[in-house]
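Student: Mind having a look at this structure? Questions to follow.
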């Protein structure tokens, strides 16, 4: 039940945004084990001045073209699954869009299953 928020600098084409969404979705399914069709994404473009990403934090050289991906998901994935997820996204964006791996920032937010409602005003426990 992941919810992906993808933030990038404005000016990207619809095809570029669609590809970013596909790469993230594919990694959610294959690396994190989410079911097919479990695709909920919000892709937002920002003026360069409003997407603030430190260019050298932890010794990683980032450009203003950094993509920020935040995924809210049920708790319980292993560290190995999370590492595979990070790698699959960075590699996929690099291979399909030429995105620098250093310019892929990912944050996972884990929640309990009852923190989801997919409609009808009811909590989901799937």
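What follows draws every value from the coordinates through simple rules; no lab data is involved. If you're wondering where the values come from, they're calculated on a predicted model, not measured in any experiment. Glycine also receives a Cβ, built like all others from the backbone with ideal geometry; neighbour counts cover every protein chain displayed.
Student: Taking segment 22-47 as the region of interest, how many residues are within 20 Å of residue 124 (Cα to Cα), part of a helix (DSSP H, G or I) and in contact (Cβ under 8 Å) with a residue 40 or more places away in the chain?
Tutor: The number of residues fulfilling the criteria is 1.
Student: Can you confirm whether segment 110-118 contains a residue that is in contact with a strand residue (DSSP E or B) (Cβ under 8 Å, 6 or more places away or on another chain), free of Cβ contacts under 8 Å to residues at least 60 places away in the same chain, buried (at least 17 other Cβ atoms within 10 Å of the Cβ) and not in a helix (DSSP H, G or I)?
Tutor: no
Student: Now for a different question. Quick check, is residue 39 over 20 Å from residue 102 (Cα atoms) and in contact with a strand residue (DSSP E or B) (Cβ under 9 Å, 6 or more places away or on another chain)?
Tutor: Criteria met by residue 39.
Student: Any idea how many residues of segment 48-77 are out of contact with any strand residue (DSSP E or B) (no Cβ under 8 Å at 6 or more places or on another chain) and free of Cβ contacts under 8 Å to residues at least 40 places away in the same chain?
Tutor: The qualifying residues number 9.
Student: Out of all the residues in segment 78-109, which are within 14 Å of residue 32 (Cβ to Cβ), part of a helix (DSSP H, G or I) and in contact with a strand residue (DSSP E or B) (Cβ under 8 Å, 6 or more places away or on another chain)?
Tutor: Scanning segment 78-109 gives 82, 85, 86, 89.
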